[in-house]
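J.: Sharing a structure below in structure tokens format, with a few things to ask.
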Number of protein chains: 2
Amino acid sequence: MPQRKRKTPGAVTILDVAKHAGVSPMTASRVINGSTRVAVELRERVQAAVRELGYRPNLAGRSLRTTGSARVGVLYSNPSAAYLNELMLGILEQSSLSGVQVLVEKCAGMQSQRAATQRLLEAGVDGVILPPPLCDSPQTVRELDERGIPVVAVATAAPMQDVPSVRIDDYQGARAMTRYLLDLGHTRIGFIQGDPKHTPAQLRLQAFRDTMAEAGIAVPDAYVAPGLFTYRSGLSAARQLLDLPQRPTAIFCSNDDMAAGAMAVAHGMGLRIPGELSVVGFDDTPVATTLWPELTTIRQPVTAMGKAAVSALLERIRDRRAGRSREAAHQVMKYALVRRQSSAAPG
Amino acid sequence: MPQRKRKTPGAVTILDVAKHAGVSPMTASRVINGSTRVAVELRERVQAAVRELGYRPNLAGRSLRTTGSARVGVLYSNPSAAYLNELMLGILEQSSLSGVQVLVEKCAGMQSQRAATQRLLEAGVDGVILPPPLCDSPQTVRELDERGIPVVAVATAAPMQDVPSVRIDDYQGARAMTRYLLDLGHTRIGFIQGDPKHTPAQLRLQAFRDTMAEAGIAVPDAYVAPGLFTYRSGLSAARQLLDLPQRPTAIFCSNDDMAAGAMAVAHGMGLRIPGELSVVGFDDTPVATTLWPELTTIRQPVTAMGKAAVSALLERIRDRRAGRSREAAHQVMKYALVRRQSSAAPG
DNA sequence: CTGAAAGCGCTTACAG
DNA sequence: CTGAAAGCGCTTACAG
């Protein structure tokens with residue numbers, strides 16, 4: 001007999017599992033989704049069948065039934081390319097897992113932001129993810145909120161009460177980094193600020209100041225240089241700091257891109273890193289490991305945050321469709337201080 | 001009446017469109033998918049309905065019917081983090097659009113590669129995407145092929161006859177870059193090779209040699225330094241080149257990461273870029289715009305290549321399921337020479 | 001605790 | 001050229 005009915009390899013469905021285990025598809029579904037209300041024996045038979053058949057649920061089928069047809073928008077303005085890349089990786093990965101579509105809109109300035117929001121709405125998105133710095137724009141959040149579109153803010157340091165957020169504790173992270181430099185023996189520590197409109201930037205600076213004050217070390221005004229999170233702004237800030245008569249022995253940059261800029265300046269001036277100058281960053285984007293020496297920084301689990309943002313948003317969307325209403329969840333992910341070769345005790 | 005039946009915003013289905021246009025869902029489907037076999041009048045009514053209702057097809061529903069349940073594997077070994085990030089972005093984006101699932105496996109060395117392949121097969125993937133350098137591993141390709149798993153090779157410079165591939169023309173790209181440096185007036189041009197096991201690396205070197213030869217300029221052996229596509233290898237290669245008694249006025253690096261390394265060395269030696277040394281790269285990853293000065297490089301549309309790879313693989317999978325067999329398609333994407341600030345006429 | 005029925009949104013055959 | 005029927009794989013109510 002010609003193998004007309006032969007399944008393509010890998011096309012094991014939940015019906016195959018059910019048949020193989022001698023149960024109904026429903027029972028198989030319950031086991032696979034971890035429902036407790038299944039007899040132990042049946043559960044084990046289903047689990048065995050899943051293993052033997054190599055079953056993997058088809059997410060298109062699942063999401064068609066559960067989420068219905070969800071669409072998630074991402075509205076961003078001008079974050080670092082590397083940061084956005086990593087975040088999008090997480091967003092797309094989770095979207096694919098959850099079977100939702102992703103629409104991305106870029107905007108620059110308030111006017112183009114209204115237009116971008118409009119495009120997202122016309123495309124029928126059911127919720128929007130706001131990466132920094134838009135996560136801190138009350139107008140943006142309000143505009144979406146007024147139209148009944150759920151929002152999740154990513155990496156805001158000042159989460160709004162009723163807007164779910166995914167973030168790390170920027171204050172504690174910057175505090176840990178400052179302590180680390182102090183413990184190495186540095187006392188003349190320069191700081192390059194991030195974009196002051198961006199709440200994490202404010203918090204990182206505050207943590208730096210507080211930690212220095214607690215250590216009883218005065219920070220001259222000239223030791224805190226303005227920056228905008230861009231490489232270019234890191235360059236000029238570092239020049240400012242390194243041209244001081246009494247220059248710092250360490251520079252704490254509010255992100256990795258600015259640290260890359262600071263390193264370039266130091267290299268240009270012939271300063272050895274970390275021998276004559278320690279440079280540390282924040283975020284741990286791919287740039288950190290491309291630099292030489294590799295950058296000591298605070299690891300922010302950006303990809304995981306992207307995934308978490310999608311999950312949080314979907315939960316919000318489902319609640320809304322079901323007419324439920326819950327308090328906004330604020331997820332604080334773990335940061336990590338990653339020691340690499342760009343920092344050492346002062347020479 | 002309580003709005004029990006009210007649709008959630010954005011949940012416009014093809015049935016809504018059909019009703020609004022006064023046709024059957026099938027006719028609506030045909031119009032939406034661009035079938036020509038529809039009367040002009042009906043087509044226009046459907047198109048109007050799509051516009052007015054803001055209809056967007058639900059891809060989960062579509063893919064459930066068309067692709068069935070496809071799963072795509074990505075098997076990679078050790079490419080640059082930035083390169084892989086960009087590629088994955090394209091792969092995930094297209095997968096989400098096509099409603100297919102993505103499974104990613106990393107391997108290092110032959111043994112772990114067999115294990116990774118095994119895991120992908122057990123997960124029931126219907127096809128595998130091979131980024132560099134695995135795209136050039138005949139063993140890997142053969143192993144998958146023997147089990148009847150379609151493969152698409154990304155960024156191989158030596159596409160195998162019967163394995164579909166997505167790539168740029170590395171030879172022409174490297175040729176264009178070499179010409180560009182020659183046209184600027186450079187004659188002492190150093191070259192940092194990529195991993196010699198990687199076919200694009202071979203081709204880029206060959207193009208460099210050929211173009212120099214055509215220009216009648218001899219390339220001393222010492223001007224071609226070995227590298228492995230890593231930042232670290234770029235560092236030592238650049239040291240080698242810049243320590244020569246008669247050092248080059250320009251360095252052509254086989255990728256951006258190595259160019260970043262070369263720049264660091266130049267900065268460390270106090271060489272001004274591009275005044276005293278031009279540095280150029282290849283790929284245009286995010287690193288290129290993070291460096292200072294920003295890097296002149298060959299733009300490879302990596303994200304688009306990721307999308308194209310998924311599409312090519314899906315086509316292959318569908319053909320296979322339908323029992324069709326076609327010749328393997330080899331897609332050559334456009335590169336672009338991006339002039340930035342790291343290159344200039346010799347000082 | 002278990003299962004038969006129905007349907008998520010879409011498109012592939014199959015009739016006209 | 002157009003449409004009624006069926007089904008992709010899964011899970012949500014609804015009965016027992």
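J.: Please compute, over every Cα-Cα pair in the protein assembly as shown, the percentage with a separation greater than 40 angstrom.
T.: 40 percent
J.: Across the protein assembly as shown, how many lysine pairs separated by 8 or more positions, or lying on different chains, have Cα atoms within less than 22 Å?
T.: 13
J.: If the label for B:Ala39 sits 7 angstrom from Cα along the Cα-to-Cβ line, what are its distances to the same label in every other copy, in nm to one decimal, shortest first?
T.: 5.9
J.: List, largest first, the extents of the alpha carbons of the stretch B:14-57 along their principal axes, each in whole Å.
T.: Result for the stretch B:14-57: principal-axis Cα extents of 23, 17, 16 Å.
J.: Going by C-beta contacts inside 10 Å, put B:Asp283, A:Asp319 in order with the fewest on the left.
T.: Going from sparsest to densest Cβ surroundings: A:Asp319, B:Asp283.
J.: For the stretch B:84-189, what is the convex hull volume of its Cα atoms per residue in Å³? Before the final figure, lay out the partial values.
T.: On the way: hull volume 14.9 nm³, N = 106.
Cα convex hull per residue, to the nearest whole number: 141 Å³.
J.: For chain B, restrict the atom set to alpha-carbon positions and state the Rg and Dmax in Å.
T.: Considering chain B through its Cα atoms, Rg and Dmax are 25.0, 89 Å.
J.: Here's another thing I want to ask about it. Quick check: net charge around A:Phe191, other residues with Cβ under 10 Å of its Cβ, Lys/Arg +1 and Asp/Glu -1?
T.: Residues near A:Phe191 contribute +2 overall.
J.: Give the peptides A:252-262, A:45-55 in descending order of average Cβ contacts within 10 Å, highest first.
T.: The most tightly packed comes first, giving A:252-262, A:45-55.
J.: Right, something else. Local charge sum around A:Leu89 (other residues, Cβ-Cβ under 11 Å, Lys/Arg +1, Asp/Glu -1)? Spell out each step's value before the answer.
T.: Numbers: positive: A:Lys307; negative: A:Glu86, A:Glu93, B:Glu86, B:Glu93.
Surrounding charge for A:Leu89 is -3.
J.: So, one more: Averaged over its residues, how many other protein chain Cβ atoms are within 10 Å of peptide B:260-270's Cβ atoms?
T.: Across B:260-270, the average partner-chain Cβ count within 10 Å equals 4.
J.: Moving to a separate point now. Around B:Arg340, which amide H atoms from residues at least 5 apart in sequence, or from another chain, sit under 5 Å from its own amide H, with H modelled in the peptide plane?
T.: HN-HN under 5 Å from B:Arg340: B:Thr296, B:Thr297.
J.: To test your reading of the geometry: what angle, between 0 and 90 degrees and rounded to tens, separates the Cα axis of helix A:40-53 from the longest principal axis of chain A?
T.: With both axes taken from Cα atoms, the answer is about 80 degrees.
J.: Taking amide H atoms as placed 1.01 Å from N in the peptide plane, list the residues 5 or more away in sequence, or in a different chain, whose amide H sits under 5 Å from that of A:Gln331.
T.: A:Ser165, A:Val166, A:Arg167
J.: For the stretch B:228-347, what does the alpha-carbon gyration tensor say about shape, rounded, prolate or oblate, given a ≥ b ≥ c as the root eigenvalues, a/c under 1.5 as rounded, and a/b over b/c as prolate?
T.: Details: a/c = 3.51, a/b = 2.88, b/c = 1.22.
Judged from the Cα gyration tensor, the stretch B:228-347 comes out prolate (a/c at least 1.5, a/b above b/c).
J.: On to the next question. Once the label point is set 7 Å along the Cα-to-beta-carbon vector, what list of distances in nm do you get between B:Met26 and its counterparts in the other copies?
T.: Distances to the matching label points in the other copies: 3.4 nm.
J.: May I ask you to sort A:Asp16, B:Asp243 by Cβ crowding, counting other Cβ atoms within 10 Å and putting the fewest first? Display every interim value, and only then the final one.
T.: Working: A:Asp16 17, B:Asp243 11.
So the ranking, lowest neighbour count to highest, is B:Asp243, A:Asp16.
J.: Here's something else I'd like to know. Can you tell me the relative contact order of chain B? Whole percent, Cα pairs under 8 Å, sequence separation 6 or more. Can you show the working numbers first?
T.: Details: 643 pairs, mean separation 58.7, N = 347.
Computed value for chain B: 17 percent relative contact order.
J.: Given C-alpha coordinates of the stretch B:170-300, what is the ratio Rg to Rh with the Kirkwood estimate of Rh?
T.: Rounded to two decimals, Rg over Rh is 0.92.
J.: Turning to a different aspect of this structure: Springs between alpha-carbon atoms under 10 Å, Gaussian network over chain A: tell me which of A:Gly22, A:Gly185, A:Gly227 tops the mean-square fluctuations.
T.: Judging by the Gaussian network model, the answer is A:Gly22.
Each reported figure results from applying straightforward, stated rules to the coordinates on display, with no laboratory input. Just so you know, these numbers come straight off a predicted model, no measurement behind them. Glycine also receives a Cβ, built like all others from the backbone with ideal geometry; neighbour counts cover every protein chain displayed.
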